[in-house]
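> I am attaching a structure below and will ask some questions about it afterwards.
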Amino acid sequence: MAATIIDGTATAAEVKDRVAATLKDAGSPTVTLATVLVGEDPPSQRYIRGKAKASEAVSITSRHTDLPATSSQAEVEDVVAALAADPTVHGILVQLPLPDGLDSRPVINLIPPVKDVDGLTDASLGRLVQGVPGHVGATPRGVMHLLARYDVPIAGRRAVVIGRSLLVGLPVSLLLARKGVDATVTMAHSRTPDLVEVCAQSDIVVAAAGSARMITKAHVKPGAAVIDVGVSRTADGIVGDVAFDEVVDVAGWLTPMPGGTGPMTIACLLENTLDAARMAGVLGA
Ligand code: GUN
């Protein structure tokens, strides 16, 4: 039987509607998401435009700073430090990757934890490891939301996460293994031997390696949930980590690409910005 298709676009619309309604109910306070882009990478420019458009649609103000690729480490840090100190800014997102020669970690760590809507600072990641409340990155939050929305059983199940990035793989692994979520998680990566066998024993596969169509039907246990977070630009256009056309006949649930995890990342960024405004006391008690 063909998999249930996990509709990220529809689920993202629900999340965005909730964000918009919450802001309206709170009396439409000004909530501001600041984004910073260093350089002129076209995909990053597209992401930033998408984030700004989605923010405006739910009445979140977006404030964008473009910096040239030739910016020094100090110039980038000065911009982020000013946003960190600005009480009218509630969330800050520094688009990654930064151009070669710039070190992202000191830049990210200038973001106060309450404004860290990407969940990328040492403080936010430390909270995630400890299982205490804090910002969780938008993509990991979106993956967990989709699994919950489609009632995918997680507790007691085996999950494999392919990729160990700070933005996606590592946080998703931690969230799936968290007390109360209770998956048994394998963190797989480009050096994992026997990836086919590891995946084929898993009830949940989260593919976040950025390797075009690497997950074939041989990797998928019948009935498993397969979540595609990969984005690769190929001669055939933008493709995910999952060979959708063959996996759809084996999986129990499957995200399409596009229309799966991508829209959820944007919607959950808005949710994180709303949380940041709440932490700043902007939404009232
Ligand atoms: N580059 C690609 N995805 C992301 C993201 O979610 N956040 C940031 N900051 N940079 C990215």
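Each reported figure results from applying straightforward, stated rules to the coordinates on display, with no laboratory input. In this text the structure is predicted, and so the values were computed from the model without any measurement. Cβ atoms come from the backbone with ideal geometry, glycine included; neighbour counts cover every protein chain shown.
> Applying a 10 Å radius around every beta-carbon, put 136-147, 180-191 in order of their mean neighbour count, most first. Before the final figure, lay out each step's value.
Details: 136-147: 25.2, 180-191: 15.5.
Order by mean packing, descending: 136-147, 180-191.
> Starting from the Cα gyration tensor of region 137-262, take the square roots of the eigenvalues, sort them a ≥ b ≥ c, and report rounded, prolate or oblate (rounded when a/c is under 1.5, otherwise prolate if a/b is larger than b/c, else oblate). Each step should come with its number before you reach the end.
On the way: a/c = 1.34, a/b = 1.25, b/c = 1.07.
Rounded, since a/c falls under 1.5.
> Still on this structure: State the antiparallel share, in %, of DSSP beta bridges confined to the chain, rounding to the nearest 5. If you can, show how the numbers build up before the last one.
Numbers: 3 of 33 bridges.
Bridges in the chain that DSSP calls antiparallel: roughly 10 percent.
> So which GluC sites (Glu not before Pro) in region 37-114 pass both tests, a DSSP loop state and at most 13 other Cβ atoms within 10 Å of the Cβ?
Numbers: sites: GLU40, GLU56, GLU75, GLU77; in loops: GLU40.
For GluC sites (Glu not before Pro) across region 37-114 that sit outside H, G, I, E and B with at most 13 neighbouring Cβ atoms in 10 Å, the list reads GLU40.
> FRET efficiency for HIS189 and SER72, Cβ-Cβ distance as r, R0 = 45 Å, nearest 0.05? Write out the running numbers ahead of the final one.
Working: r = 33 Å, r/R0 = 0.73.
So, using R0 = 45 Å, E works out to roughly 0.85.
> Under the classification rounded if a/c is under 1.5, otherwise prolate if a/b is larger than b/c and oblate if not, where does the chain fall, given a ≥ b ≥ c as square roots of the Cα gyration tensor eigenvalues?
On the way: a/c = 1.76, a/b = 1.50, b/c = 1.18.
Judged from the Cα gyration tensor, the chain comes out prolate (a/c at least 1.5, a/b above b/c).
> Is the shape of region 1-93 best called rounded, prolate or oblate, per the rule: a/c under 1.5 gives rounded, else a/b larger than b/c gives prolate, else oblate, with a ≥ b ≥ c the square roots of the Cα gyration tensor eigenvalues? Before the final figure, lay out the partial values.
Values: a/c = 3.13, a/b = 1.39, b/c = 2.25.
In terms of gyration-tensor shape, oblate.
> So, one more: Along the Cα-to-Cβ line of ALA235, 7 Å from the Cα, sits a label point; which residues in region 193-220 have backbone N less than 17 Å from it?
212-213
> Considering only the other residues whose Cβ falls under 12 Å of the Cβ of ILE162, what net charge follows from Lys and Arg at +1 and Asp and Glu at -1?
Details: positive: ARG164, ARG191; negative: ASP228, ASP241.
Value of the local net charge: 0.
> Working out 0.36 nm times the residue gap between THR61 and VAL132, then minus their Cα-Cα distance, what length gain in nm do you get to one decimal? Provide the component values of the computation, followed by the final result.
Working: separation 71, 0.36 × 71 = 25.56 nm, distance 2.87 nm.
Net length gain for the segment: 22.7 nm.
> Applying 1/(1 + (r/R0)^6) with R0 = 35 Å to the Cβ-Cβ distance of LYS179 and LYS217, what FRET efficiency is obtained, to the nearest 0.05?
Details: r = 33 Å, r/R0 = 0.95.
FRET efficiency, LYS179 to LYS217: 0.55.
> Assuming R0 = 22 Å, can you tell me the calculated FRET efficiency for the pair GLU246 and ASP151, based on Cβ-Cβ distance, to the nearest 0.05? Kindly include the intermediate steps, with their values, before the conclusion.
Values: r = 25 Å, r/R0 = 1.12.
With a Förster radius of 22 Å, E is 0.35.
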